Every structure is written in C-alpha cells, then in structure tokens.
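The values are calculated or read from the model by the stated rules, or taken from the named source; none is laboratory data. Computed from a predicted model, the values in this text were never measured in an experiment. Glycine gets a Cβ as well: all are built from the backbone with ideal geometry, and neighbour counts include every protein chain shown. Accessible surface areas use protein heavy atoms only, side chains included; no ligands, DNA or RNA. Shrake-Rupley method; radii C 1.70, N 1.55, O 1.52, S 1.80 Å.
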Amino acid sequence: MDHGTVAGAVATQAPPCPATVVPASKPGLISHDEVRALESSLDHGHSVRALYRFDAALRALSLDEFAAKLRPVMLELAFNLESFNPAFTAVLLKVQSTIGLSGYHARDEALKRLILPLAGEYGLHADQPQGATHRALFAEFYEDLLGEALEPAMRAAATSFPPAAAILYSQMMRDVLGGGGRTGDAQEQASYALGYNLAIEYLADVEKRLELEAFRHLDERVLAPAGRRLRAWEFLEVHAEGEAEHAAIGHAAACGLVPADHAGLLHAAAADHDRDFAAFYDALAAMLE
C-alpha cells in the first residue's frame, strides 16, 4: 500500500469530529481547524506507514513461526502499553503546572478531560463499577494467543526492558517532561505536552483498529484451521472502540487551553511523537518480517 493510499484509508476512518466536544474555537486559543491540520499531518506521517507495515507482517505469519515470532513482539507491546501511563500522568502534571498562568476554568476543564483516558486504563468509568485494567485485559489476550502466562514470560525474557519499547518510553518521558528539549515557561511546556498527547491518542486509534483486524485475520487464516480460536478479544475491542473518543478528548483539551501563538509547539510535539512511534513499530515489523 503506497503512502497516498495509506493516508486515504486512515482519513476515511478518522474519529468523529472533535468539535462536537468543544462547541467552538475560543478567542485567543488554538482553533479546531489548526488542530485538524495537525491530525491530517499525522495521517500522512511516518507512524501510519510503520503501522501498515506491521499490520502486513502480522497478517503474513504462518502457523509454524507464529509463537516464536509473536512472543518477543507481544512482550514489547506489554511494556509499551504500560509505559503510556507515566506519559499521560506527565501530561497532566504539565497542565496542572500552569497554575497562575492559564485560566482557572480552562485549566480545570482540560484536566477534567485528560483524566478520563488515564482513568479508563484502570477500568474506571463514571457511574460504573471498576472493571478490569487494560493491563489485565492484555495479559488475558497474551495467554489466549500464546498459551502461556504473561508475567512468567516477562521474567524469563533476556531483559525486563524490551529494547524498542524501552527506547520509546525514554523518549516519551524526555519529551513530555522536558518540552522536547525546548526552554519555555509552564504554559509553553503544557502546550507542547498537549500536542504530544494529541498525537499519542490520534495514532493509537489507527494502531488499535489495524491490530484488531490483523488478529481477526490471523484467527481465521492460521489458528482456526489448526483447531484453535481466539476468545479473549476484549483488550483489542475496547481499544479499537475507545481510541477515537480519546483522540477527540485530546483534541478538545488542546483547543481549550493552548494559546493560538503556540501552534508551532503543538505541531512540533506531534512530529516528535510521530517520529519515535514510527521507529517503534518499524522495529516490531522487522521482528516479524
């Protein structure tokens, strides 16, 4: 699939217009059109190409190489899944640190939005009993897929820091906590963090939809003929269904707090994550290829 086709395929499945979350752009703040332009740049970015490369490699696995090739990849994904939570927490810290600089209600609204995806990672949803954490759901999927428990497999691995995921984790924390190496006041640091968060959530929507379809394909083409079927779909289904909403939340949080003259920071942050996330998925694709 070429670049133009990839971008078109993603664009046709983009999340619902986030303007429905924040009714209109606010004077002095970044506009919805500016943020949509950023999202469009991600549709054409390095990460989308890397995600389609990984998707193709996953779909091409044979039964003979299935477990040996997938095990190290799944351990990378387990670490990667958990590593996003410190990154989300760092974004919250950067926004909270604008106390005294950003508007009282604008800051409160941004934090109220940003806490929702992080809480959801731990099975927390408004007016509902706490459900399984996303890490617990991943462990169930891992065991169903490979027929072994996740934690012993992690302990048996050569390193407790899978190399590709550990690099991405280090880069995310460096950039979110350090503004991508840029000096600036707390408001500028928060604007960068909100751009980074927006890119995380927007690309996660593409990532999880592709992975759900790729594993469904493997289930039908490889596992079913061998007398096996996957049962623990909740991890992939929850993410494939929920990431578009998270992307809309990230969009709304940025539009509610980022000054219009910080558009460059927002774009720089998204480009930084796009670069590093693409490197991660290119590494995983190479492991499967």
Looking at (1) assigned to a helix (DSSP H, G or I); (2) open to solvent by 10 Å² or more (accessible area, probe 1.4 Å); (3) under 30 Å from D185 (Cβ atoms); (4) not aromatic (F, W, Y), which is the one condition that is false for R53?
(3)
So, in the stretch 30-40, of the ones that are outside any loop (DSSP other than H, G, I, E, B) and open to solvent by less than 40 Å² (accessible area, probe 1.4 Å), which residue ends up nearest to L288 (Cα to Cα)?
E39
Among (1) closer than 22 Å to L265 by Cα; (2) hydroxyl-bearing (S, T, Y); (3) open to solvent by less than 70 Å² (accessible area, probe 1.4 Å), the one test that T183 misses:
(3)
Kindly evaluate L81 against the criterion of being touching a residue at least 40 places away in the same chain (Cβ under 8 Å) and not in a helix (DSSP H, G or I).
no
Could you list, in sequence order, the residues of the stretch 106-117 that are touching a residue at least 24 places away in the same chain (Cβ under 8 Å), under 16 Å from the mean Cα position of the chain (by Cα) and open to solvent by 20 Å² or more (accessible area, probe 1.4 Å)?
L116
Residue by residue through the stretch 125-138, note down the ones that are over 18 Å from the mean Cα position of the chain (by Cα) and at negative phi.
H125, A126, Q128, P129, Q130, G131, A132
Here's a check for you: in the stretch 41-50, which residue that is open to solvent by 50 Å² or more (accessible area, probe 1.4 Å) and part of a helix (DSSP H, G or I) is nearest to A248 (Cα to Cα)?
S41
I'm trying to understand the selection: among the residues of the stretch 63-105, which are of a type outside the set (A, V, I, L, M) and open to solvent by 50 Å² or more (accessible area, probe 1.4 Å)?
D64, E65, K69, R71, P72, E82, T89, Q96, S97, G100, Y104, H105
Given the condition modelled with pLDDT under 95, of a type in the set (F, W, Y), out of contact with any Cys (no Cβ under 7 Å at 6 or more places or on another chain) and part of a helix (DSSP H, G or I), answer yes or no: does some residue in the stretch 209-218 qualify?
no
A240 - would you say it is at pLDDT 95 or above, under 27 Å from M173 (Cα atoms) and crowded, with 17+ Cβ neighbours inside 10 Å?
no
Of all residues in the stretch 150-180 being farther than 12 Å from A78 by Cα and not in a helix (DSSP H, G or I), the one that is least open to solvent (accessible area, probe 1.4 Å):
A157
If you check every pair at least six apart or on different chains, which have Cβ atoms under 6 Å apart with a residue in the stretch 30-55 that is of a type in the set (A, V, I, L, M, F, W, C) first and a residue that is open to solvent by less than 10 Å² (accessible area, probe 1.4 Å) and not in a helix (DSSP H, G or I) second?
I30/V258
When residues of the stretch 118-147 are limited to those that are open to solvent by less than 50 Å² (accessible area, probe 1.4 Å) and of a type in the set (D, E), the one farthest from L92 (Cα to Cα):
D144
